[in-house]
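Q: Take a look at this one; I'll ask things after.
The values are calculated or read from the model by the stated rules, or taken from the named source; none is laboratory data. None of the values given here were measured: they were computed from a predicted structure. Cβ placement follows ideal geometry from the backbone for every residue including glycine, while neighbour counts extend to all protein chains displayed.
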Amino acid sequence: MESGLAKTIGELVGNIEHVIMGKRDIVEFAVVTLLAKGHLLLEDVPGTGKTLLAKAMAKSFGGTTSRIQFTPDLLPSDITGINIYNQKLHEFEFRPGPVFSQVVLADEINRGTPRTQSSLLECMQENSVTIDGSTMSVFEPFFVVATQNPIDFQGTYPLPEAQLDRFTMCLSMGYPDAKAEAKIVASQLRSQPLEKIRAVVSADRILQMQDEISKVHVAPPVLGYILQIVEKTRLAPQVRLGASPRGSVCLTRVSQAHAAKEGRNFVTPLDVKRVAVPVLAHRIMLNPDALVEGVDAKEVIAQLVEEVSVPVTHGPESHRIST
């Protein structure tokens with residue numbers, strides 16, 4: 001694996017932190033999701049920096065970005081694009097929608113109707129869009145960041161399980177602490193920090209990094225550990241619907257990206273434990289009794305991870321990525 005991968009990831013994280021202050025763990029998870037070829041769901045109240053995070057990521061690698069503001073009257077064609085008849089040329093021409101960007105911000109996605117929400121399914125899973133029988137590839141890298149407000153339920157349509165399963169990670173930004181909030185206020189008194197963000201890597205380099213991360217070694221015991229954790233989600237008494245095989249794939253990919261961030265080209269159980277909750281918690285459905293008791297899906301996943309025996313692995317120092 002190429003030397004300096006972990007350093008480049010660190011530069012990406014550091015660049016985004018100029019805008020998203022006091023949330024290094026969230027920024028790292030967001031970058032890891034991008035490099036794992038995944039998509040990110042941010043669930044939090046307005047004003048906590050969800051949109052800012054997406055824009056900062058796009059500017060950090062010079063990627064194109066678009067924003068889709070979901071509303072009940074939004075149509076699937078407003079997302080994917082539409083064929084319009086050109087009277088001068090006497091033929092139909094395609095007008096691409098906002099999904100044809102490298103970073104797509106789907107703002108307040110739960111305000112869109114299920115039909116409109118589902119229009120994102122194909123492009124998130126297959127990196128392509130089918131319109132009037134023609135299939136077109138979206139840009140690469142392709143990264144969807146969706147946001148939703150968990151408090152305001154009036155006029156919203158909860159994301160179905162099939163849609164939630166497409167998101168590699170689900171994160172909550174949370175309020176910053178007093179020190180970080182003071183820095184945020186001070187940084188925006190005269191200008192918007194986002195305007196000063198410059199690209200630290202190219203889009204082509206992001207694609208190269210994604211390819212390198214896909215080659216990070218996952219030893220059989222570690223893969224077995226991942227599969228045991230996912231299997232636990234299907235057997236837990238509090239859970240009505242456990243994580244799907246896609247959950248196993250996503251947990252493996254994100255663990256590879258996390259290992260690369262830490263400077264290794266092999267995955268350890270610690271990588272898996274670190275990312276298990278944000279990768280799996282939104283993929284499970286709790287049973288009615290657990291919901292009545294106020295059980296939190298994140299707590300369930302954290303508990304299940306602790307119940308699985310950690311395999312003993314030996315990662316030779318020769319596998320460590322040079323930084």
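Q: Any residue that is among the charged types (D, E, K, R), at pLDDT below 80, in the same structural domain as Ala260 (by TED's automatic domain parsing) and assigned to a helix (DSSP H, G or I) - is there at least one of those in segment 309-318?
A: Yes, there is a match, as at least one residue in segment 309-318 is among the charged types (D, E, K, R), at pLDDT below 80, in the same structural domain as Ala260 (by TED's automatic domain parsing) and assigned to a helix (DSSP H, G or I).
Q: Within segment 65-76, restricting attention to residues that are out of contact with any helix residue (DSSP H, G or I) (no Cβ under 7 Å at 6 or more places or on another chain) and either among the polar types (S, T, N, Q) or modelled with pLDDT under 85 (or both), which residue is surrounded by the fewest Cβ atoms within 10 Å (Cβ to Cβ)?
A: Ranking the candidates gives Gln69 first.
Here is a yes/no grid of residues against (1) surrounded by 17 or more Cβ atoms within 10 Å (Cβ to Cβ); (2) in contact (Cβ under 8 Å) with a residue 60 or more places away in the chain; (3) farther than 21 Å from Leu164 by Cα:
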site: Phe92; (1), (2), (3): no, no, yes
site: Asn110; (1), (2), (3): yes, no, no
site: Pro114; (1), (2), (3): no, no, no
site: Gln117; (1), (2), (3): yes, no, no
site: Asp132; (1), (2), (3): no, no, yes
site: Met136; (1), (2), (3): no, no, yes
site: Glu140; (1), (2), (3): no, yes, yes
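Q: Among the residues of segment 120-157, write down those that are among the charged types (D, E, K, R) and at pLDDT 80 or above.
A: Correct list: Glu126, Glu140.
Q: Test of understanding: among Thr268, Thr252, which residue is surrounded by 15 or more Cβ atoms within 10 Å (Cβ to Cβ) and under 21 Å from the mean Cα position of the chain (by Cα)?
A: Thr252
Q: Given the structure, is Val295 touching a Pro at 6+ places or on another chain (Cβ under 6 Å) and in a loop (DSSP other than H, G, I, E, B)?
A: Against the criterion (touching a Pro at 6+ places or on another chain (Cβ under 6 Å) and in a loop (DSSP other than H, G, I, E, B)), Val295 does not qualify.
Q: Only strands (runs of 3 or more DSSP E) wholly contained in segment 54-126 count here; list those with 1 or more residues that are more than 21 Å from Gln148 (Cα to Cα) and either in contact with a Leu (Cβ under 8 Å, 6 or more places away or on another chain) or not aliphatic (A, V, I, L, M) (or both).
A: Filter on segment 54-126 gives 81-86, 91-96.
Q: Within segment 44-51, does at least one residue satisfy the condition of being at pLDDT 85 or above and outside the structural domain of Arg283 (by TED's automatic domain parsing)?
A: Among the residues of segment 44-51, not one is at pLDDT 85 or above and outside the structural domain of Arg283 (by TED's automatic domain parsing), which makes the answer no.
Q: Given the options Pro176, Pro160, name the one that is of a type outside the set (Val, Ile, Thr), at pLDDT below 85, assigned by TED's automatic domain parsing to the domain that holds Leu41 and surrounded by 14 or more Cβ atoms within 10 Å (Cβ to Cβ).
A: Pro176
Q: Any residue that is more than 25 Å from Leu40 (Cβ to Cβ), in a loop (DSSP other than H, G, I, E, B) and at pLDDT below 95 - is there at least one of those in segment 269-289?
A: yes
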